[in-house]
Amino acid sequence: MATVIAVTNQKGGVGKTTTSINVAYFLAKAGQKTLVVDLDPQGNATSGLGVDKQNLAITMAEVMKGSAALSSVAISTDFKNLWIAPSTPHLANTEVELAQAQGRFTRLRQAIAQAESEYDIIIIDSPPSLSLLTVNGLIAARYVILPVQVEFFALEGLGQLLETMKLIRKGLNPKLELLGVLPTMYDGRTALSGQVQGEIQRHFADKVFKATVPRNVRLAEAPSHGLPIGAYDRISKGSRAYKAVAREVLERVS
């Protein structure tokens, strides 16, 4: 069965979608059949993998409502072994509709259970909030990758997310585990980056990935071309970093 990993942080702009896309790409390059589940109504993982959101008949909105199977929504990308279950802003409306629905917290887990034998790894790109969609992702996942931007307020709000994970472990998903904390947007030219990196290391110790994702212009440009960084500029610092992260992910889940 597939290893299911949620990429989560309730803060926006920390590199969550960038991490989902690029880790998935390098896992696929390593021969892992990989599905990215775009659970963010902004649909950035969808467009970041080259899918035109305007021409989608069914998306994750239908999966979450239970009117479509995950396997029927998944689209093969231009990259071998890599699929995307796309999302559009309609997913935000679906979240509102599900607020009082029966089984609203386990919709994604049920959908993945029917499709996980088709993939080696499923990566869930969660929205930047502790919403019903995010909780669905955490309940469906075996592991969590937590991207943390190396900046002054990096650790602010993480306590609430970790507490949510603890509650989910006590209730609907006792196997949920923090796979790793991934420092992102590191700038080695500033003393602040080094200080914050040290704080992250003190808080999370061996849970911090050895690889650190740097600030990198090519990494920021790639999504506008609908390409993972490894396809856009494979020799860039961002590409080398995410290749190392993917290698570490495989080591940690094996």
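The values are calculated or read from the model by the stated rules, or taken from the named source; none is laboratory data. Because the structure is predicted, anything quoted here is derived from the model rather than measured. Every residue, glycine as well, gets a Cβ built from its backbone with ideal geometry; the counts of neighbours run over all protein chains shown.
Quick one: LYS11 ticks every box in (1) buried (at least 24 other Cβ atoms within 10 Å of the Cβ); (2) of a type in the set (D, E, K, R); (3) more than 10 Å from the chain's Cα centre (by Cα) except a single one, so which number is it? Failed condition: (1).
For the range 44-73, which positions are part of a loop (DSSP other than H, G, I, E, B), among the β-branched types (Val, Ile, Thr) and buried (at least 19 other Cβ atoms within 10 Å of the Cβ)? So that I can check it myself, show each step before the final result.
Within the range 44-73, the subset part of a loop (DSSP other than H, G, I, E, B) is 49-52, 56-59, 66-69.
Subsequent filtering for residues that are among the β-branched types (Val, Ile, Thr) retains 51, 58-59.
Residues satisfying the conditions are VAL51, THR59.
Cβ separations smaller than 6 Å between residues 6+ apart or across chains give the following pairs from the range 1-30 residues that are under 17 Å from SER236 (Cα atoms) to residues that are assigned to a strand (DSSP E or B): GLY15/PRO147; GLY15/THR184; THR19/VAL7; THR19/PRO147. When THR94 is tested against (1) part of a helix (DSSP H, G or I); (2) of a type outside the set (Asp, Glu); (3) within 24 Å of GLU163 (Cα to Cα), just one condition goes unmet, and that condition is (3).
Just one of (1) in contact (Cβ under 8 Å) with a residue 24 or more places away in the chain; (2) in a loop (DSSP other than H, G, I, E, B); (3) among the hydrophobic types (A, V, I, L, M, F, W, C) fails for ALA101. It is (1).
Right, ILE168: β-branched (Val, Ile, Thr) and modelled with pLDDT of 95 or more or not? So ILE168 passes the test.
Once the range 23-43 is narrowed to residues that are assigned to a helix (DSSP H, G or I) and not small (Gly, Ala, Ser), the residue that is surrounded by the most Cβ atoms within 10 Å (Cβ to Cβ) is TYR25.
Of everything in the range 159-193, what is in a helix (DSSP H, G or I) and in contact with a helix residue (DSSP H, G or I) (Cβ under 8 Å, 6 or more places away or on another chain)? Give them in sequence order. Before you say what the answer is, go through the steps one by one.
To start, the set of residues in the range 159-193 that are in a helix (DSSP H, G or I) comprises 159-170, 191-193.
Within the range 159-193, THR164, MET165, ILE168 qualify.
Pairing residues of the range 55-82 that are in contact (Cβ under 8 Å) with a residue 40 or more places away in the chain with residues that are basic (Lys, Arg) and surrounded by fewer than 18 Cβ atoms within 10 Å (Cβ to Cβ), at Cβ distances under 7 Å and at least 6 apart in sequence or on separate chains, gives ASN81/LYS33.
Inside the range 194-213, can you point out the residues that are within 18 Å of the chain's Cα centre (by Cα) and not in a helix (DSSP H, G or I)?
Narrowing the range 194-213 to residues within 18 Å of the chain's Cα centre (by Cα): 207-209, 211-213.
Within the range 194-213, VAL208, PHE209, ALA211, THR212, VAL213 qualify.
Only a single item in (1) crowded, with 18+ Cβ neighbours inside 10 Å; (2) of a type in the set (A, V, I, L, M, F, W, C); (3) over 21 Å from VAL245 (Cα atoms); (4) touching a residue at least 60 places away in the same chain (Cβ under 8 Å) is not met by LEU172, and it is number (1). Just need a number here: residues in the range 117-142 that are buried (at least 24 other Cβ atoms within 10 Å of the Cβ) and touching an Asp or Glu at 6+ places or on another chain (Cβ under 8 Å). Summing the residues that are buried (at least 24 other Cβ atoms within 10 Å of the Cβ) and touching an Asp or Glu at 6+ places or on another chain (Cβ under 8 Å) in the range 117-142 gives 5. GLU151 satisfies every condition listed in (1) exposed (fewer than 15 other Cβ atoms within 10 Å of the Cβ); (2) part of a loop (DSSP other than H, G, I, E, B); (3) of a type in the set (D, E, K, R) except (1).
One line per residue, one yes/no per condition, for (1) β-branched (Val, Ile, Thr); (2) within 17 Å of GLU95 (Cβ to Cβ):
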| site | (1), (2) |
| --- | --- |
| ASN44 | no, yes |
| VAL51 | yes, no |
| ALA57 | no, no |
| GLU62 | no, yes |
| SER67 | no, yes |
| ASP78 | no, no |
| ILE84 | yes, no |
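Being of a type outside the set (Gly, Ala, Ser), in contact with a helix residue (DSSP H, G or I) (Cβ under 8 Å, 6 or more places away or on another chain) and either loosely packed, with under 15 Cβ neighbours inside 10 Å or not in a helix (DSSP H, G or I) (or both) is the filter here; which residues of the range 228-246 pass it? Answer for the range 228-246, where residues must be of a type outside the set (Gly, Ala, Ser), in contact with a helix residue (DSSP H, G or I) (Cβ under 8 Å, 6 or more places away or on another chain) and either loosely packed, with under 15 Cβ neighbours inside 10 Å or not in a helix (DSSP H, G or I) (or both): PRO228, ASP233.
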